[in-house]
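Peer 1: If you scroll down you'll find the structure; I have some questions about it.
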Amino acid sequence: MLEKGWNPRLPADTLRKDLIEIHPKASSFKIMLDKVKHHAKQSMNDAFDYAKQKWDKSHKVPDFKVGDLVLVSTLNFNNIKGPKKLKDSYVGPFVIVALHGTNAVQVELSG
């Protein structure tokens, strides 16, 4: 894959050679296919566990309280005119009026 600058891993590259027993019989083919499916499922579970471990290691739960000052993201604001790249990413700070769950707050926008 010269145009990409790297060689992507193909599904056949990830299979362990000791799990595959190629034989013309249909029963041995099914056994081989079951082993491949099990290996793929195990690999996906391992990848999920690794990603969860990395996320849990760096993620911190926000600790909001009524009266705290927060910034509001303008990502979904459609009423701001002008070039998008000159738009501020956040506006505020605004005072938290009420808490709705652990990660949602009500802010006072008048100011």
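The values are calculated or read from the model by the stated rules, or taken from the named source; none is laboratory data. These numbers were taken from a predicted model, which means no experiment stands behind them. No Cβ is skipped: glycine too gets one built from the backbone with ideal geometry, and neighbour counts run over all protein chains shown.
Peer 1: When the residues of the range 79-111 are narrowed to those that are among the charged types (D, E, K, R) and loosely packed, with under 13 Cβ neighbours inside 10 Å, which ends up modelled with the highest pLDDT?
Peer 2: Of everything passing the filter in the range 79-111, GLU108 is modelled with the highest pLDDT.
Peer 1: I'd like to verify a number: residues in the range 21-57 that are at pLDDT 90 or above and of a type in the set (Ser, Thr, Tyr), how many?
Peer 2: Selection size over the range 21-57: 2.
Peer 1: Could you name every one of the strands (runs of 3 or more DSSP E) located completely within the range 33-111 that has at least 2 residues being more than 24 Å from the chain's Cα centre (by Cα) and touching a residue at least 24 places away in the same chain (Cβ under 8 Å)? First the steps, then the outcome.
Peer 2: Working: elements: 69-73, 90-99, 105-108.
Filter on the range 33-111 gives 69-73, 90-99.
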